[in-house]
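Down below is the structure, laid out as structure tokens.
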Amino acid sequence: MTPEDMARTHARAFADTSRGWSAQEIADLLQSPLVFALGDARAFALGRAIADEAELLTLATDPDHRRKGLARACLAAFEASAQARGARTAFLEVAADNAEARALYDKAGYGQTARRKGYYARRDSGPVDALILQKSIP
């Protein structure tokens with residue numbers, strides 16, 4: 001999976017709410033040895049592990065491949081990879097209006113620890129809060 005593949009998937013996944021990440025932005029992130037990608041062109045997770053913490057930078061599923069368990073599989077792979085890298089806690093941000101993602105993270109055991117007011121810009125509406133979620137990974 002190339003940064004170009006990831007950028008196409010990201011753009012399609014977030015087309016209704018925000019701009020997708022560019023191939024260059026993804027490539028720049030992947031230059032770090034702390035950043036890792038999992039999945040394929042249908043769905044992928046991009047994460048970063050530093051010391052005993054991991055952050056899910058993004059999780060994107062192409063709309064044509066939703067409701068097939070791919071996001072759940074990518075999230076599980078992210079957690080396993082983070083754990084293998086020494087992480088004991090995983091963090092992520094999710095838009096307060098992203099009900100599907102919030103349900104996924106809730107089922108996976110993530111809990112809200114904070115809120116960033118007006119963090120996400122929206123094309124056709126006002127800004128949306130970001131929810132900061134956390135989970136211990138054994």
Kindly provide the set of residues from the stretch 97-138 that are of a type in the set (Lys, Arg) and either within 28 Å of residue 80 (Cβ to Cβ) or touching a strand residue (DSSP E or B) at 6+ places or on another chain (Cβ under 7 Å) (or both), ordered by number. 102, 107, 115, 116, 117, 122, 135
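The rows are residues; the columns are (1) acidic (Asp, Glu); (2) at pLDDT 95 or above.
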| residue | (1), (2) |
| --- | --- |
| 51 | no, no |
| 59 | no, yes |
| 76 | no, yes |
| 103 | no, yes |
| 106 | yes, yes |
| 118 | no, no |
Kindly check whether there is at least one residue in the stretch 90-99 that is part of a strand (DSSP E or B) and out of contact with any helix residue (DSSP H, G or I) (no Cβ under 8 Å at 6 or more places or on another chain). yes
So which residues in the stretch 77-125 are over 15 Å from the mean Cα position of the chain (by Cα) and among the aromatic types (Phe, Trp, Tyr), if there are any at all? 119
Based on what the data block shows, is residue 54 surrounded by 15 or more Cβ atoms within 10 Å (Cβ to Cβ), within 15 Å of the chain's Cα centre (by Cα) and touching a residue at least 40 places away in the same chain (Cβ under 8 Å)? yes
Does residue 130 count as assigned to a helix (DSSP H, G or I) and either loosely packed, with under 13 Cβ neighbours inside 10 Å or not basic (Lys, Arg) (or both)? no
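The values are calculated or read from the model by the stated rules, or taken from the named source; none is laboratory data. Treat the numbers as computed from the prediction; the structure is a model and nothing was measured. Cβ coordinates were reconstructed from backbone atoms using ideal geometry, including for glycine residues, and neighbour counts include every protein chain displayed.
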